[in-house]
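Step one of this worksheet: look at the structure below.
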Amino acid sequence: MSRGTDWDYLLPLLWEALADTAVMVGSALAVAAVVGLALGVGLYVTRRGGLRANRVVFTTENALINLVRPIPFVIFVTAIAPLTIALGGSRIGREAAILPMGIMASVAFARLVEQTLVALDPGVVEAARAMGASRWRIVWSVLVPEALGPLILAFTFGLTALVFLAGAGGLGDFAIRHGYQRFNWTVAWVTVGLIVVLVQAVQLAGNVLARKALRR
């Protein structure tokens with residue numbers, strides 16, 4: 001039986017859903033920040049003409065990313081359910097959602113990292129090479145700092161996308177169960193409005209940080 005818009009009942013559930021979303025998105029982005037950045041840099045340095053060109057490594061990594069990226073999130077969750085169960089003991093719930101969200105965020109961010117680094121002026125790399133910098137130093141002391149502004153924007157975009165994916169006990173799940181399934185459009189729209197506010201706040205913070213990085 002629907003409880004309608006009984007906010008005394010719904011508000012504690014809404015805050016719990018908000019906390020679940022924050023945990024899932026934060027954990028997934030922590031994974032993406034490390035794994036996605038490493039994968040993106042790997043694509044850049046191993047591509048033809050890269051700092052450490054390696055056709056086998058580039059082709060393999062590129063194929064894996066292209067394989068995962070187009071898969072709809074719901075289908076991807078189902079596909080890796082055995083792995084999720086093996087690692088976390090369940091395929092549903094907040095903790096179970098972190099693994100697929102982390103993987104999807106990592107491959108998406110990796111492609112954005114690669115595209116950002118490729119767009120940089122090749123002269124920056126040549127100048128660093130002329131000064132005798134090692135490949136490792138060129139990547140982490142020259143390329144990544146040079147691309148920091150666009151990388152922050154790319155990372156922010158990934159975060160805003162994940163907010164909408166988070167449905168395993170998060171705001172999306174709350175909107176569906178207490179709004180859509182009970183035909184309570186007030187609850188549904190309030191939840192959607194909260195998600196939009198969160199996305200806008202994150203996007204604004206990302207834009208501010210990116211501007212500061214570009215002015216360095």
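Among the residues of the range 109-118, write down those that are under 16 Å from the mean Cα position of the chain (by Cα) and open to solvent by 40 Å² or more (accessible area, probe 1.4 Å). 112, 115 - these are the residues of the range 109-118 that are under 16 Å from the mean Cα position of the chain (by Cα) and open to solvent by 40 Å² or more (accessible area, probe 1.4 Å). For the range 160-215, a residue qualifies if it is at pLDDT below 75 and part of a helix (DSSP H, G or I), and the qualifying residues are 160, 161, 162, 163, 164, 165, 213, 214. The test for being at pLDDT below 90, open to solvent by 70 Å² or more (accessible area, probe 1.4 Å) and on the phi < 0 side of the Ramachandran plot holds for residue 74. Taking first residues from the range 112-123 that are under 14 Å from residue 142 (Cα atoms) and partners that are in a loop (DSSP other than H, G, I, E, B), the Cβ contacts under 6 Å between residues at least 6 apart in sequence or on separate chains come to 116/147; 117/147; 120/147.
Among the residues making up the range 119-144, those that are surrounded by 14 or more Cβ atoms within 10 Å (Cβ to Cβ) and assigned to a helix (DSSP H, G or I) are 124, 125, 128, 129, 135, 138, 139, 142, 143, 144.
Against the numbered list (1) over 16 Å from the mean Cα position of the chain (by Cα); (2) open to solvent by less than 30 Å² (accessible area, probe 1.4 Å); (3) within 18 Å of residue 172 (Cβ to Cβ), residue 19 comes up short only at (2).
Residues checked against (1) among the hydroxyl-bearing types (Ser, Thr, Tyr); (2) outside any helix (DSSP H, G or I); (3) buried (at least 18 other Cβ atoms within 10 Å of the Cβ); (4) touching a helix residue (DSSP H, G or I) at 6+ places or on another chain (Cβ under 9 Å):
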residue: 70; (1), (2), (3), (4): no, yes, no, no
residue: 83; (1), (2), (3), (4): no, no, no, yes
residue: 87; (1), (2), (3), (4): no, no, no, yes
residue: 96; (1), (2), (3), (4): no, no, yes, yes
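Scan the range 39-64 for residues that are under 23 Å from residue 147 (Cβ atoms), open to solvent by less than 60 Å² (accessible area, probe 1.4 Å) and part of a helix (DSSP H, G or I) and jot them down. Result: 39, 40, 41, 42, 43, 44, 45, 46, 58, 61, 62. For the criterion of being of a type outside the set (Val, Ile, Thr) and either under 20 Å from residue 155 (Cα atoms) or free of Cβ contacts under 8 Å to residues at least 24 places away in the same chain (or both), residue 43 passes.
The values are calculated or read from the model by the stated rules, or taken from the named source; none is laboratory data. All figures in this text were calculated on a predicted structure; none of them were measured in a lab. Glycine also receives a Cβ, built like all others from the backbone with ideal geometry; neighbour counts cover every protein chain displayed. Remember, those area values only see protein heavy atoms, side chains included, never the ligands or the DNA or RNA. Shrake-Rupley method; radii C 1.70, N 1.55, O 1.52, S 1.80 Å.
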